[in-house]
Amino acid sequence: MNNKEIAAFLGQLADYLELSGANAFRVNAYRRSARAIENQRINLAEKIDDLESIPGIGKGIAAMIRERVTTGQSSTLEECKSKLPPELPLLLKIPGLGPKSIAQLYQKLGITNIAELKQAALEHRIRPLSGFGPKKEEKILAGIETLSTRRNRYLLSEALQVAIHVKKELSTHPLIKQIEYAGSVRRQKEIIKDLDFVIATHHPAEVQKAIITLPEVIDIINQGETKVTVRLSMNDLEIDADFRIVIPDSYASALHHFTGSSEHNIQIRRQAKQLGYKVNEYGITDDQTGELLTFSDETTFFHHLQLPYIIPELREDRGEIAAALTNTLPKTMEQADYLGDLHTHTLYSDGAHSILQMVEAAKAKGYHFLAITDHSRSLKVASGLSIDDLYEQWEEIDRLNEALDDFTILKGSEVDILSDGTLDYPDDILAQLDIVIASVHTSMNQDEKTMTERMIRAMQNPYVHIIGHPTGRVLLRRDPYAVNIDQLFQAAKETGTILELNANPLRLDLNDQHLKKAKDEYQLRFTINTDAHAIPQFDLIEYGIRTARRGWLEKEDILNFHPWSEAKQWLKTSTVSSK
DNA sequence: GCCGTTTTCGGCCCGACTGTTTTCAGTCG
């Protein structure tokens with residue numbers, strides 16, 4: 001049983017407890033413990049006797065985890081399940097419905113699932129309950145409809161496009177002093193549910209009017225004095241957006257507050273409390289004097305809490321406050337220092353541009369090197385290169401390299417890992433390449449043992465330098481391969497194989513949490529590449545770099561931030577290598 | 001249920017908005 005499963009188990013307990021009217025702090029204790037476990041570096045099953053050393057886990061929860069891990073059962077969970085219908089927690093997903101309302105619906109009307117709730121609402125049977133009325137009834141019906149029909153998860157790249165556009169539209173407004181998108185988009189999370197904006201103005205009423213009359217607004221969901229929620233439609237994409245309006249003095253605090261994450265904010269407020277302060281979206285209040293302090297920017301806000309500036313990407317309550325207190329935050333990498341892409345495709349396989357065109361685009365971005373890594377021969381759907389094609393490509397690269405100063409084109413391949421873990425080119429061919437990325441593109445449904453062994457076998461090949469998109473997920477479309485990530489990392493460590501962070505916003509693979517784990521527990525090294533199939537995709541590197549920041553990586557950990565003469569020393573060396 | 005430079009009890013982050021109320025509970029972020 002892995003940490004994720006244990007965390008899910010505790011989350012399930014929290015849901016049931018909440019629905020049965022348990023003390024909110026007790027419920028919260030379960031949720032906190034679930035979160036603490038998700039962030040644990042060590043597999044809990046191996047730490048089963050020492051669970052109480054994890055902050056947030058005491059005797060009670062530790063005992064429940066032990067029972068669940070060792071027996072596969074949980075008497076507490078069984079008891080909860082025997083008292084409440086199994087589908088009741090699903091009602092928590094309906095917007096506007098919380099534990100109190102659901103408990104009442106169950107107790108008074110015997111509602112146990114969404115279908116029954118819908119029926120009761122349509123028959124106006126929920127109206128007489130205390131706290132319910134016609135509007136609530138309508139809201140519930142709308143919520144059920146939304147749940148079943150509307151898309152409410154977006155790629156970072158999709159959400160960011162809307163956020164940037166709206167920010168630009170409003171920033172020209174004469175009464176808006178400052179505007180920024182906040183929330184998960186600013187933290188660069190890979191999947192976004194809704195947008196958040198913070199606006200500084202002395203004229204909230206006029207600004208509100210400007211917001212609700214934006215051409216993208218198709219629905220006004222909430223409207224208060226300082227907060228308005230709307231539904232936006234742009235590029236065939238509909239997404240909710242919260243706007244928070246504050247006076248300019250409060251802007252920095254509000255920006256921090258609405259950037260979150262909420263778990264990060266809780267930790268910030270705890271830190272503040274220890275210093276005798278109270279933090280809210282308007283500023284920091286001194287407990288002694290009652291004075292509200294405001295800040296010109298987030299940096300001075302953090303400094304007042306005796307912390308260095310923490311970049312938004314790190315604000316996930318994964319230890320950033322503790323690291324800030326000890327000055328051990330990762331050094332922030334900048335895109336300007338990225339020296340070259342090591343995973344790109346050209347017309348030779350399924351790319352859209354020639355080698356020369358790709359090289360010119362790379363030079364224009366200020367790169368110093370570029371690896372051409374077209375697909376290998378068996379990947380027919382992507383026009384994989386035969387060995388003869390490869391020879392032809394090498395000649396072209398040699399010719400181009402001769403004409404280039406201060407730029408190096410590397411001969412590479414994204415070679416397929418065949419279903420048995422062997423590679424799609426023979427070793428004598430691989431040995432002649434500057435850079436070999438091995439990737440899985442076929443038989444993606446193998447069981448965990450088979451897939452893990454397959455990938456490890458590929459890493460054991462002395463000519464494989466990098467594993468491309470190691471988990472194979474495609475966000476919102478395809479699950480990762482069934483691969484044992486710890487075994488994969490261990491093998492990478494033993495074989496000296498570098499793991500890729502594929503920067504395409506559909507992949508972001510490895511993800512932030514994997515990166516942190518791979519660095520902390522296995523001291524691995526990484527490469528960030530776009531996998532560009534066309535020139536504009538070079539720009540996707542920004543998603544990779546920001547995901548790497550979320551994974552607590554630093555320049556030093558990443559191949560692409562080093563000059564090629566240095567970077568190539570990182571690659572696995574083989575005695576038969578011709579290089 | 002967890003926790004302690006406020007230490008074994010009594011707190012636990014903080015505020016906006018809605019829809020229901022007749023002063024506020026519930027939900028959300």
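The set of residues in segment A:412-430 that are over 23 Å from A:D341 (Cβ atoms) and open to solvent by 10 Å² or more (accessible area, probe 1.4 Å) comprises A:L418, A:S419, A:D420, A:T422, A:P426, A:D427, A:D428. A:D406 passes all but one of (1) open to solvent by 60 Å² or more (accessible area, probe 1.4 Å); (2) modelled with pLDDT of 95 or more; (3) out of contact with any helix residue (DSSP H, G or I) (no Cβ under 7 Å at 6 or more places or on another chain); which number fails? The failed condition is (2). Where helices (runs of 4 or more DSSP H) sit wholly within segment A:148-222, those with at least 1 residues that are on the phi > 0 side of the Ramachandran plot and open to solvent by less than 10 Å² (accessible area, probe 1.4 Å) occupy A:183-186. Among the residues making up segment A:4-16, those that are surrounded by 19 or more Cβ atoms within 10 Å (Cβ to Cβ) and within 17 Å of A:A36 (Cβ to Cβ) are A:I6, A:A7, A:F9, A:L10, A:L13, A:A14. Does at least one position in segment A:47-60 carry a residue that is open to solvent by less than 70 Å² (accessible area, probe 1.4 Å) and in contact (Cβ under 8 Å) with a residue 40 or more places away in the chain? For segment A:47-60, residues open to solvent by less than 70 Å² (accessible area, probe 1.4 Å) and in contact (Cβ under 8 Å) with a residue 40 or more places away in the chain: absent. Considering A:P86, A:P99, the condition of being open to solvent by 40 Å² or more (accessible area, probe 1.4 Å) and not β-branched (V, I, T) is satisfied by A:P86 alone.
Of the residues examined, A:T450 is one that is among the polar types (S, T, N, Q) and either touching a helix residue (DSSP H, G or I) at 6+ places or on another chain (Cβ under 9 Å) or closer than 25 Å to A:M1 by Cα (or both).
Applying the criterion of at least 1 residues that are at pLDDT 90 or above and more than 14 Å from DNA strand B (Cβ to nearest atom) to the strands (runs of 3 or more DSSP E) found wholly in segment A:235-313 leaves A:237-246.
Considering only residues in segment A:17-42 that are exposed (fewer than 14 other Cβ atoms within 10 Å of the Cβ) and small (G, A, S), the one that is farthest from A:G58 (Cα to Cα) turns out to be A:G21.
The values are calculated or read from the model by the stated rules, or taken from the named source; none is laboratory data. Given the structure is predicted, the values throughout are model-derived calculations rather than measurements. For neighbour counting, all protein chains shown are included, and Cβ atoms are generated from backbone atoms with ideal geometry for every residue, glycine included. For the accessible areas, the whole protein counts, side chains as well, though only heavy atoms, and no ligand, DNA or RNA atoms are used. Shrake-Rupley method; radii C 1.70, N 1.55, O 1.52, S 1.80 Å.
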